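A.B. asks: Please find one structure pasted underneath; my questions will follow.
Any read-out appearing in this document is the output of simple, stated calculations on the displayed coordinates, not a laboratory observation. Everything numeric in this text was worked out from a predicted model, so none of it was measured. Don't worry about glycine lacking a Cβ; one is built from the backbone with ideal geometry, like all the others, and counts go over all protein chains shown.
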């Protein structure tokens, strides 16, 4: 069996405690990647800009880039970082997964991590007994992957999955807006 560690170099983000706030005014303001940004990237739904956690710091580490494959140690979900979140700092709650081979499609890997039953089962088996659910880097690296199809098939599956998430999200938004409109009409507004 092939594990994630055999196909990816995976590293966690910076500890939030190592991000020293700079009050001298010479530091740059960065935005921290969080669960809201993860949700936006998975579903393709932009969120409110004012609720972003920002820090003014002289941070010199890695920043997120559009197209990065990111895994949440909090929710156990993977996503592809969108253009809106490029340049964000990712913390120890997230793992960037960089493929070591060109024969891996990142959207397909996102699909596997989020949807494949054997991967979900492996995560659940290794979390039993935990009071605080948190997915460790070691757990992620040791996940056994099913046999991977050829890269062309991976690209098709990954692309359909990625687009399907966006369509589903838009349908939910339309349904919510229709509900809000109907309630307003019923109230005579």
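A.B. asks: Taking springs between alpha-carbon atoms closer than 10 angstrom, which of 133, 89, 119 fluctuates most in the Gaussian network model of the chain?
C.D. replies: 133
A.B. asks: Neighbour counts of other C-beta atoms within 10 Å: give me 24, 58, 31 arranged from fewest to most. Display every interim value, and only then the final one.
C.D. replies: Numbers: 24 7, 58 12, 31 17.
Listed from fewest to most nearby Cβ atoms, that is 24, 58, 31.
A.B. asks: Mean-square fluctuation check for the chain, GNM, Cα pairs under 10 Å: which of 40, 21, 77 is largest?
C.D. replies: Answer for the Gaussian network model of the chain: 21.
A.B. asks: Where Rh denotes the Kirkwood radius from the mean inverse Cα pair distance, what is Rg over Rh for the stretch 30-80?
C.D. replies: Numbers: Rg = 11.6 Å, Rh = 12.1 Å.
With Rh from the inverse mean 1/r over Cα pairs, Rg/Rh is 0.96.
A.B. asks: Oh, and also: What ranking do 120, 141 get, fewest neighbouring Cβ atoms within 10 angstrom at the top? Don't skip to the end; give the middle numbers.
C.D. replies: Details: 120 13, 141 16.
If I rank by nearby Cβ atoms, fewest first, I get 120, 141.
A.B. asks: Mean-square fluctuation check for the chain, GNM, Cα pairs under 10 Å: which of 23, 153, 45 is largest?
C.D. replies: Highest fluctuation among the options: 23.
A.B. asks: Something else now. Counting only DSSP beta bridges with both residues in the stretch 2-186, tell me the antiparallel percent, nearest 5.
C.D. replies: Working: 18 of 20 bridges.
Restricted to the stretch 2-186, the bridges split so that about 90 percent are antiparallel.
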